[in-house]
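Nothing in this text is a laboratory measurement; each read-out follows from the coordinates by a stated rule. Quick caveat: nothing in here was measured; it's all calculated off a predicted structure. Ideal geometry is used to build each Cβ from the backbone, glycine not excepted, and the neighbour counts take in all protein chains shown.
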Amino acid sequence: MSKVISSSVLFWMVSIWIASNLFSQAVYIGFNGTPYSGIEMIQSLGSWYYVVVVFEILAWIFVGIHLSLKVIRNLQVKATPQTAS
């Protein structure tokens with residue numbers, strides 16, 4: 001099974017995603033004094049709201065599956081007996 005995306009790339013993608021969300025919230029607070037409501041912003045998309053929600057759910061499912069597979073592989077490696085050469 002070939003690797004589609006490496007763990008380090010996934011880590012940096014999620015880190016950049018979180019940092020950009022924090023930065024945009026900080027800029028908005030700086031200009032307006034109060035944080036924006038993410039739910040209201042997404043609902044303002046109208047019918048595209050559902051597409052965005054489905055995409056985000058699928059992205060987090062992908063991250064969860066990737067991390068779960070990594071943990072399972074690490075547990076399997078540790079469970080296999082090591083023979084001395």
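Report, in deg cm²/dmol and to the nearest 500, the calculated mean residue ellipticity at 222 nm for the chain, where each DSSP H run with n ≥ 4 adds -39500 (n - 2.57) and the sum is divided by the residue count. Write down the numbers at each step before the final one.
Working: 3 runs with 64 residues, N = 85.
Calculated mean residue ellipticity at 222 nm is -26000 deg cm²/dmol.
Stretching the chain fully between Tyr28 and Phe62 yields a gain of 9.3 nm (0.36 nm per residue, less the alpha carbon separation). Only one of the listed values, (1) 1.16; (2) 1.81; (3) 1.64, was derived from the coordinates as Cα Rg over 2.2 N^0.38 Å; which label is it? Computed from these coordinates, Cα Rg over 2.2 N^0.38 Å corresponds to label (3). Derived scalar couplings between HN and Hα for the range 9-15 equal 5, 4, 4, 5, 4, 5, 4 Hz in order, rounded to whole Hz, by the Karplus curve 6.51 cos²θ - 1.76 cosθ + 1.60 (θ = phi - 60°), x for Gly and Pro.
Karplus-derived 3J(HN,Hα) values for the range 44-55, using 6.51 cos²θ - 1.76 cosθ + 1.60 with θ = phi - 60°, are 5, 6, x, 5, 5, 3, 5, 5, 5, 5, 4, 4 Hz; glycine and proline are entered as x.
The Trp48 and Gln76 beta-carbon pair, evaluated with R₀ = 35 Å, returns a calculated FRET efficiency of approximately 0.25.
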